[in-house]
Amino acid sequence: MGWRVLAHNRRPMPKCFENWTVLPHGPLEKLSANLWRVEGTLPDGKTKRVMTIARMKDGRLVIHNAIALEPALQAEIEAFGTPACIVVPNGFHRQDAKIYKDRYPSASVYTPAKARKKVEKIVSVTGDYEAAPKDDTVRLVHLEGCNGSEGALEVKSDDGVTVVFNDTICNLPKRTGLVGFFLAPTGQMSVPRFSRWLLVKDKDAFARHVNSWAKPDLARIIVSHGKMVTERPADTLMSVTAAL
């Protein structure tokens, strides 16, 4: 996401890489047998982004919000499974989409229905979330109330369910100034102001869908921007939607 939000409610499109470009990133976090996470940094050196990798039962990998990694870690991903599904979670998260598709030409690209036009300016799209491969452990869904502009990745592991959100729910550190205004409330997991304006069109439908994951088996919440939540994740989701 480009965090330089303009006053007229539009964000500039981030630069999309043409060649394999590795920016600073952390280690691969191996959360469960079928779920990995890694946090990286955007070119501004400050904004964080998260890639989530889920492995289906047949060994195919669903790569949500792709981030190019250094050779050793990229090789670990390839040993983990077959990169088969590159998920571009909205039109502002296209930065590494082309270079991933170039590296894994047999992989398919999926994006929320409303984001397809923007994503296809960078890389050929196979289909929207409804067409994406799934099994009883990994699935992509459009989020209700967002008119096809955003979705979520659901992963079922031995320790419970993980839900991965993109820009509809963030968990950013405290920010001030104009950026802080558009991202408010920061310093907590929330639906940022710009998401309430631009993405969530029906708050009641969105809240019902998000709250459907607020169950005892919810193990963690992963977001594309900010810290993962593992402590009382169901209560956290309920508090996020209650604040809408």
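Coordinate-derived values only; no laboratory data. These numbers were taken from a predicted model, which means no experiment stands behind them. Positions of Cβ are generated from backbone atoms using ideal geometry, with glycine treated the same way; all protein chains shown enter the neighbour counts.
Mean sequence separation of contacting Cα pairs (under 8 Å, at least six apart), scaled by the length of the chain, corresponds to a relative contact order of 15 percent.
Rank these for me by crowding, ARG232, ARG139, going from fewest to most other beta carbons within 10 Å.
So the ranking, lowest neighbour count to highest, is ARG232, ARG139.
Considering only GLY91, GLY187, GLY145, the mean-square fluctuation computed in a Gaussian network model of the chain, springs between alpha carbons under 10 angstrom, is largest for GLY187.
For the chain, the C-alpha radius of gyration sits at 0.93 times the compact-globule guess of 2.2 N^0.38 Å, with N the residue count. When the Gaussian network model of the chain links Cα atoms closer than 10 Å, the mean-square fluctuations of GLU130, GLU39, GLU154 top out at GLU130. Between amide H atoms placed 1.01 Å from N, distances below 5 Å from THR47 occur with LEU42, all of them 5 or more places distant or on a separate chain.
Based on DSSP H runs of at least 4 residues, each adding -39500 (n - 2.57), what is the mean residue ellipticity at 222 nm of the chain after dividing by all its residues, to the nearest 500 deg cm²/dmol?
Details: 7 runs with 53 residues, N = 244.
Roughly -5500 deg cm²/dmol at 222 nm, from the helical runs in the chain.
How would you rank 118-129, 162-173, highest first, on the average number of other Cβ atoms within 10 Å across their residues?
Values: 118-129: 17.3, 162-173: 24.4.
The peptides rank, most packed first, as 162-173, 118-129.
When you count the other C-beta atoms within 10 angstrom of each residue and take the mean per peptide, 211-217, 55-61, 189-195 line up highest first as 189-195, 55-61, 211-217. Cross-link list LYS117/LYS215; LYS101/LYS134; LYS156/LYS203; LYS46/LYS215: which exceed 29 angstrom alpha carbon to alpha carbon? The answer is LYS117/LYS215; LYS46/LYS215.
Across region 207-221, no residue has a backbone nitrogen under 14 Å from the label position 7 Å along the beta-carbon direction of GLN188. Proximity of backbone amide H atoms, modeled 1.01 Å from N, is registered between VAL109 and ILE86, THR126, GLY127 at under 5 Å, excluding neighbours fewer than 5 places apart on the same chain.
The fewest-to-most ranking of MET51, MET228, MET238 by surrounding Cβ atoms within 10 Å reads MET238, MET228, MET51.
Cβ crowding within 10 Å ranks SER224, SER239 as SER239, SER224, fewest other Cβ atoms first.
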